[in-house]
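Engineer: Before I ask anything, let me first share the structure, which is written out below as structure tokens.
The values are calculated or read from the model by the stated rules, or taken from the named source; none is laboratory data. Bear in mind the structure is a predicted one, so any value in this text is a computation, not a measurement. Please note: Cβ atoms are built from the backbone with ideal geometry, for glycine as well, and neighbour counts cover all protein chains shown.
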Amino acid sequence: MFRFIHAADIHLDSPLRGLESYEDAPVEEIRGANRRAFDNLVELAVEEDVNFVLLAGDLYDGEWKDYNTGLFFAERMGRLRRQNIRVFMVSGNHDAASQITRTLQLPDNVQILWTKKPQTILLDHIGVAIHGQGYQSRAMSKNLAEQYPQYNPGYFNIGILHTALNGREGHESYAPCTLDDLRQKGYNYWALGHVHKREEVSKDPWIVFPGNIQGRHIRETGAKGASLVTVENGEIIGVEHHELDVLRWSVCLVDLSDCEVIDAVHDHVRQALEGEQEQAEGRILAVRLVLTGECPVHPRLLEDRAHLRESFRSTAAGLGDMWLEKVLFKTDRKGSLKDGMGEETPLAGLMTAVEKFKLDTGRLMDLVPEVAALKNKLPPDLIGGDDPLLPTAPDQILAFLDDVRELLTAKLISHGDKG
């Protein structure tokens, strides 16, 4: 019997852009999470007494600022060397962008597979053949798998490949290939990298994306880690996912449909955040809070959202080890705008006009030149992404206009109540 760990997409010391714009962000905890997760990977290898570790690309994150990243990795590899644990790795698209990587001297238990053609390494003492090829350049458009050799008879065959297969959302289609390309090689296990979300693509043979070991932003939510593979008599008897992340990103959806008063909103939010904390099992949490549902308090939420954001942040801080990355108000009003008032009242007429308010998204910048000028001064982080400060895409602008319309409605309702 032998065991090995399959990990990928470490992205050591990946820069975390835009955090400085969040006054209460735990910047140091987030920046240090990547290294601490890698330490957890090393500890797992030692504790489980594995025979070797496979790193399927993107160990680094492009060009380094200095040698500290490489020195950190070399020191951790020295720890594995003292435990007689070998490491086999291929370069991915981010590794290929680094010049310093090519001159780094690593301990002799670490072997980086060739980039010009596939390489096969035989571990005769346990009957394993490892096949792999790394990237020579960042944008790898070739199907590398085509050139991998057929399986070695009498060996347990493993392929290491940094690829998006036939495409995965959010990832460039590097080293494209199909499942049939992999299956026809006759390997027992394919250790893939590049896709940051864990996926067991196939179990016959095993073809696995382990995902990255530490989420780096809100688009990389949930548990992150690596796969521990156990082989006995040439057969895989276990592929276990081990969580290694130390900071977890989460999108917390809270349905406020049954909330009649603001106090109920606070109760729902607290309960939802407590649930997220329980699932995180002691890890630091970075949470995007999204409030949804058709609810009676929708107008109040729109009017008071600046105050409510701070209140929700205070709730998260009080729970401990939790930071609200963002609070999004995605609720809607319950019922018609004119519920509870006569059809012919002045307020009803105003509300009808607001409800019908439309604006051609293509003319927004022309109608308000100051908006275009402001757009040119804002950093990319604030005008891009899924919730920009200044929307530019048509669907984002439409959502923005909906918010404006709803806010005007809330103001009218509030004014009507006071009258």
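Engineer: Please specify each residue of the stretch 206-238 satisfying the condition of being within 30 Å of V128 (Cα to Cα) and surrounded by fewer than 17 Cβ atoms within 10 Å (Cβ to Cβ).
Structural biologist: Scanning the stretch 206-238 gives T230, E232, N233, G234, E235, I236, I237, G238.
Engineer: Here is a follow-up. Based on this model, can you work out whether L122 counts as surrounded by 16 or more Cβ atoms within 10 Å (Cβ to Cβ) and either within 26 Å of I237 (Cα to Cα) or at pLDDT below 95 (or both)? So that I can check it myself, show each step before the final result.
Structural biologist: Working: surrounded by 16 or more Cβ atoms within 10 Å (Cβ to Cβ): no; either within 26 Å of I237 (Cα to Cα) or at pLDDT below 95 (or both): yes.
For L122, the condition - surrounded by 16 or more Cβ atoms within 10 Å (Cβ to Cβ) and either within 26 Å of I237 (Cα to Cα) or at pLDDT below 95 (or both) - is not met.
Engineer: Find the residue count for the stretch 314-329, including only residues that are within 22 Å of the chain's Cα centre (by Cα) and surrounded by fewer than 17 Cβ atoms within 10 Å (Cβ to Cβ).
Structural biologist: Residues that pass the stated criteria total 3.
Engineer: Given the condition in contact (Cβ under 8 Å) with a residue 24 or more places away in the chain and either in contact with a His (Cβ under 6 Å, 6 or more places away or on another chain) or not assigned by TED's automatic domain parsing to the domain that holds E43 (or both), answer yes or no: does some residue in the stretch 131-142 qualify? Spell out how you get there, then give the answer.
Structural biologist: Within the stretch 131-142, the subset in contact (Cβ under 8 Å) with a residue 24 or more places away in the chain is 131-142.
Among the residues that remain, those that are also either in contact with a His (Cβ under 6 Å, 6 or more places away or on another chain) or not assigned by TED's automatic domain parsing to the domain that holds E43 (or both) are: none.
No.
Engineer: Taking the condition modelled with pLDDT of 95 or more, crowded, with 19+ Cβ neighbours inside 10 Å and not assigned by TED's automatic domain parsing to the domain that holds E200, does L273 pass?
Structural biologist: Working: modelled with pLDDT of 95 or more: yes; crowded, with 19+ Cβ neighbours inside 10 Å: yes; not assigned by TED's automatic domain parsing to the domain that holds E200: yes.
Spelling it out, L273 is indeed modelled with pLDDT of 95 or more, crowded, with 19+ Cβ neighbours inside 10 Å and not assigned by TED's automatic domain parsing to the domain that holds E200.
Engineer: Among the residues of the stretch 80-93, which ones are in a helix (DSSP H, G or I) and either farther than 22 Å from H125 by Cα or not assigned by TED's automatic domain parsing to the domain that holds D39 (or both)? Before the answer, list the steps.
Structural biologist: Of the stretch 80-93, the ones in a helix (DSSP H, G or I) are 80-82, 93.
Matches in the stretch 80-93: N93 only.
Engineer: A follow-up question, please. For E220, indicate whether it is assigned by TED's automatic domain parsing to the domain that holds H11, among the acidic types (D, E) and within 22 Å of I10 (Cβ to Cβ).
Structural biologist: Working: assigned by TED's automatic domain parsing to the domain that holds H11: yes; among the acidic types (D, E): yes; within 22 Å of I10 (Cβ to Cβ): yes.
Yes.
Engineer: Oh, and also: Given (1) of a type in the set (S, T, Y); (2) over 21 Å from N188 (Cβ atoms); (3) crowded, with 18+ Cβ neighbours inside 10 Å, where does S257 come up short, assuming only one miss?
Structural biologist: (3)
Engineer: Considering the stretch 283-313 alone, what residues qualify as being loosely packed, with under 15 Cβ neighbours inside 10 Å and within 26 Å of the chain's Cα centre (by Cα)?
Structural biologist: Passing the criteria: only E310.
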